[in-house]
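Take a look at the structure set out below.
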Amino acid sequence: MRPDALPGAAKDQLNLVLSFFPRVDSKASVVLAVDTAMLGYLAAKIPHVRWPASWDTTVPSVAFILIFGSLWHLYRTAFPTLKGGNHSLIYFKEIAVRTESKFIDEFAGLSELDYSKELLGQVWRNSQILTEKFHHLEIAFLFMAVSVVPWTVALVQFAMKSP
């Protein structure tokens, strides 16, 4: 690659990686909506539970646990680990630890090659964050999908107990 083309290529690569964030977030919104609906419907239909719990509370409990597992991973999707990007002049968390004037001076002092390296470092860090978000979204979806069976069985149990 020609040295003068590097900054443009780095910006394009960063934009490509950033374009995937809305995709994972929109998918997470769908899983959140389904989890919330399943949890709300289950909670609305659950009959009075006596303690100590009996065997017939096992299936609804499994459904609740699986749905909460999905919700936990959705939380991790929404709030991934943001550590990293040490001393970066592009990564927002590293910019925020500097004073305004120090950031401006350091950024203005970057050569074209150093700027390109900063952009590519941001591509790398955002790729890590995106990978974590997709990983947690996948697990959240699996928890949700597996919870459908005990959720359905629990609703059948509740219906059979209703007068």
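The values are calculated or read from the model by the stated rules, or taken from the named source; none is laboratory data. Note that the coordinates shown come from a computational prediction; the quantities given were computed from them, not determined experimentally. Please note: Cβ atoms are built from the backbone with ideal geometry, for glycine as well, and neighbour counts cover all protein chains shown.
Tell me the residue from Leu18, Leu14 that is within 23 Å of Lys133 (Cβ to Cβ), out of contact with any strand residue (DSSP E or B) (no Cβ under 8 Å at 6 or more places or on another chain) and surrounded by fewer than 17 Cβ atoms within 10 Å (Cβ to Cβ), please. Give the derivation first.
On the way: Leu14 fails: surrounded by fewer than 17 Cβ atoms within 10 Å (Cβ to Cβ).
So the residue among Leu18, Leu14 that is within 23 Å of Lys133 (Cβ to Cβ), out of contact with any strand residue (DSSP E or B) (no Cβ under 8 Å at 6 or more places or on another chain) and surrounded by fewer than 17 Cβ atoms within 10 Å (Cβ to Cβ) is Leu18.
Considering each residue of region 91-141, count those that are free of Cβ contacts under 8 Å to residues at least 60 places away in the same chain and within 30 Å of Val59 (Cα to Cα), and give that number.
2
Is there any pair linking a residue in region 71-86 that is in contact (Cβ under 8 Å) with a residue 12 or more places away in the chain to one that is assigned to a loop (DSSP other than H, G, I, E, B) and surrounded by 15 or more Cβ atoms within 10 Å (Cβ to Cβ), with Cβ under 6 Å and at least six apart or on different chains, and which?
Between residues of region 71-86 that are in contact (Cβ under 8 Å) with a residue 12 or more places away in the chain and residues that are assigned to a loop (DSSP other than H, G, I, E, B) and surrounded by 15 or more Cβ atoms within 10 Å (Cβ to Cβ), the close pairs are Gly85/Tyr91.
Can you tell me which residue is farthest from the chain's Cα centre (by Cα) among those in region 115-159 that are among the aromatic types (Phe, Trp, Tyr) and farther than 27 Å from Phe68 by Cα? Quick ask: steps written out before the conclusion?
We begin by selecting, within region 115-159, every residue among the aromatic types (Phe, Trp, Tyr); these are 115, 124, 134, 141, 143, 151, 158.
Narrowing further to those that are farther than 27 Å from Phe68 by Cα: 115, 124.
Values: Tyr115: 29, Trp124: 18 Å.
Ranking the qualifying residues of region 115-159, first place goes to Tyr115.
Determine which member of the set Val148, Val156 is at pLDDT 95 or above and either within 30 Å of Arg23 (Cβ to Cβ) or surrounded by fewer than 13 Cβ atoms within 10 Å (Cβ to Cβ) (or both). Reasoning before the result, please.
Working: Val156 fails: at pLDDT 95 or above.
After applying the criteria, what remains is Val148.
Given the conditions (1) part of a loop (DSSP other than H, G, I, E, B); (2) surrounded by 18 or more Cβ atoms within 10 Å (Cβ to Cβ); (3) of a type outside the set (S, T, N, Q), which single one is not true for Lys133?
Evaluating Lys133 over (1) part of a loop (DSSP other than H, G, I, E, B); (2) surrounded by 18 or more Cβ atoms within 10 Å (Cβ to Cβ); (3) of a type outside the set (S, T, N, Q) leaves (1) as the failure.
Quick check on this structure: which one of Glu112, Glu106, Glu94 is modelled with pLDDT of 95 or more and under 28 Å from Gln128 (Cβ atoms)?
Numbers: Glu112 fails: modelled with pLDDT of 95 or more; Glu94 fails: modelled with pLDDT of 95 or more.
Just one listed residue meets the conditions, Glu106.
Just one of Ile65, Ile104 is of a type in the set (Val, Ile, Thr) and under 27 Å from Val24 (Cα atoms); which is it? Lay out the reasoning, then the answer.
Details: Ile104 fails: under 27 Å from Val24 (Cα atoms).
Step by step, each of Ile65, Ile104 is checked, and only Ile65 is of a type in the set (Val, Ile, Thr) and under 27 Å from Val24 (Cα atoms).
Of all residues being polar (S, T, N, Q) and touching a helix residue (DSSP H, G or I) at 6+ places or on another chain (Cβ under 8 Å) in region 99-128, which is farthest from Phe21 (Cα to Cα)? Just the residue, please. Let's see the steps before the verdict.
Within region 99-128, the subset polar (S, T, N, Q) is 99, 101, 111, 116, 122, 126-128.
Among the residues that remain, those that are also touching a helix residue (DSSP H, G or I) at 6+ places or on another chain (Cβ under 8 Å) are: 116, 122, 126-127.
Numbers: Ser116: 22, Gln122: 14, Asn126: 9, Ser127: 10 Å.
The residue in question is Ser116.
Just one of the numbered conditions (1) at pLDDT 95 or above; (2) out of contact with any His (no Cβ under 7 Å at 6 or more places or on another chain) is not true of His136; which one?
(2)
Pull up region 68-101, narrow it to residues that are loosely packed, with under 11 Cβ neighbours inside 10 Å and β-branched (Val, Ile, Thr), then point me to the one that is nearest to Ala28 (Cα to Cα). Don't jump to the end; show me each part of the working.
Just the residues of region 68-101 that are loosely packed, with under 11 Cβ neighbours inside 10 Å, to begin with: 79, 81, 83, 86, 92, 96-97, 99-101.
Filter again for β-branched (Val, Ile, Thr), leaving 81, 97, 99.
On the way: Thr81: 17, Val97: 30, Thr99: 35 Å.
Selected residue: Thr81.
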